[in-house]
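First the structure, in the form of structure tokens, and then the observations on it.
The values are calculated or read from the model by the stated rules, or taken from the named source; none is laboratory data. Because the structure is a prediction, the values reported are computed rather than measured. All Cβ positions, glycine included, derive from the backbone under ideal geometry; neighbour counts span all protein chains shown. These area figures cover heavy atoms from the full protein model, side chains too; ligands, DNA and RNA do not enter into them. Shrake-Rupley method; radii C 1.70, N 1.55, O 1.52, S 1.80 Å.
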Amino acid sequence: TAAIGAAKDTIDAAYNIPEMYEFLDYVHVMCYDYHGKWDLVTGYNAPLNAHPSEVGDQRYMNINFTINYLINNGAKPEKTILGVPLYGRTFLLVKPWNNTVQSPSKNISFEGPYSGEEGFLGYNEICILEETSNWTIAWDKNCTVPYMYKGNQWISYDNTKSLKTKAEFSFAHKLAG
């Protein structure tokens, strides 16, 4: 088996897709870390689809593009496993009132009380925050992912609803998992 990156530029530079699938039993596609604090704008960690505001190469940073790109270039669906994150990406907004996707963010972020890693929250930390009433939880129907924000803090993550849509996508594409 192998675990491979999901970004188009990584796929193009690093993998001979037909040959890789000839020799491997399974290919785990790491369909996460599409966006993070490094982008300097808020973005989703693992969006199913591109957001309408994304342009150019940004349109490649989603699960739908990655899986279809691999299949169109020789990947075998029955050997492809869709990797999903059980963690979130955190952002610090430049302007707290501008709190949607593609909002300007800083190149630093905040960390969780348990993970202690800037720009990252474990799923357990996200569950704790979801239960507190002072976070606003929103759903992006285009990308089929939740996000939440409070003040200048913004989090991209997955929940049971978004994971279910990813599982349905996997079944519809006849992926191995």
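A few points about this structure:
- For residue 158, nonlocal amide neighbours, meaning residues 5 or more places apart or on other chains whose placed amide H falls under 5 Å from its own, are 87.
- Per-residue Karplus couplings for region 99-107, computed as 6.51 cos²θ - 1.76 cosθ + 1.60 with θ equal to phi - 60°, are listed in order as 10, 10, 5, 6, 7, x, 9, 8, 8 Hz, Gly and Pro entered as x.
- Relative contact order %, region 29-130, counting alpha carbon pairs below 8 Å whose residues are six or more apart: 30
- Normalised by 2.2 N^0.38 Å, where N counts its residues, the alpha-carbon radius of gyration of the chain equals 1.05.
- Subset of 95/166; 8/95; 79/141; 106/141; 79/106; 95/164 violating a 27 Å alpha-carbon distance limit: 95/166; 8/95; 79/141; 79/106; 95/164
- Protein accessible area in region 113-169, 1.4 Å probe - carbon and sulfur %: 51
- Estimated 222 nm signal from helices in the chain, with DSSP H stretches of n ≥ 4 weighted -39500 (n - 2.57), rounded to 500: -7500 deg cm²/dmol
- Estimated dipole of region 55-168 in Debye, rounded to 20 [Cβ of Lys and Arg +1, of Asp and Glu -1, Cα centre]: 360
- Region 53-151 - Kirkwood radius from inverse mean 1/r over Cα pairs (Å): 15.8
- Prolate/oblate/rounded call for region 11-103, Cα gyration tensor, a/c under 1.5 rounded: prolate
- For 67, 81, the ranking by accessible surface with the largest value first comes to 81, 67, using a 1.4 Å probe.
- Mean Cα-pair separation over length for the chain, i.e. relative contact order, pairs under 8 Å, 6 or more apart, %: 23
- Accessible surface, per residue, of region 130-177 when the full set of protein chains is kept, probe 1.4 Å, Å²: 52
- Taking trypsin sites (Lys or Arg not before Pro) across region 112-177, the ones in a DSSP loop with at most 10 further Cβ atoms lying within 10 angstrom of their Cβ are 141.
- 115, 156, ranked by accessible area, largest first (probe 1.4 Å): 115, 156
- The alpha-carbon atoms of region 126-176 define a convex hull whose volume equals 83 cubic angstrom per residue.
- Loop-located chymotrypsin sites (Phe, Trp or Tyr not before Pro) in region 84-177 (DSSP state not H, G, I, E or B) with no more than 11 neighbouring Cβ atoms inside 10 Å: 97, 114.
- For residue 87, neighbours were defined as the other residues whose beta-carbon sits under 11 Å from its Cβ, and their charges (Lys and Arg +1, Asp and Glu -1) total -3.
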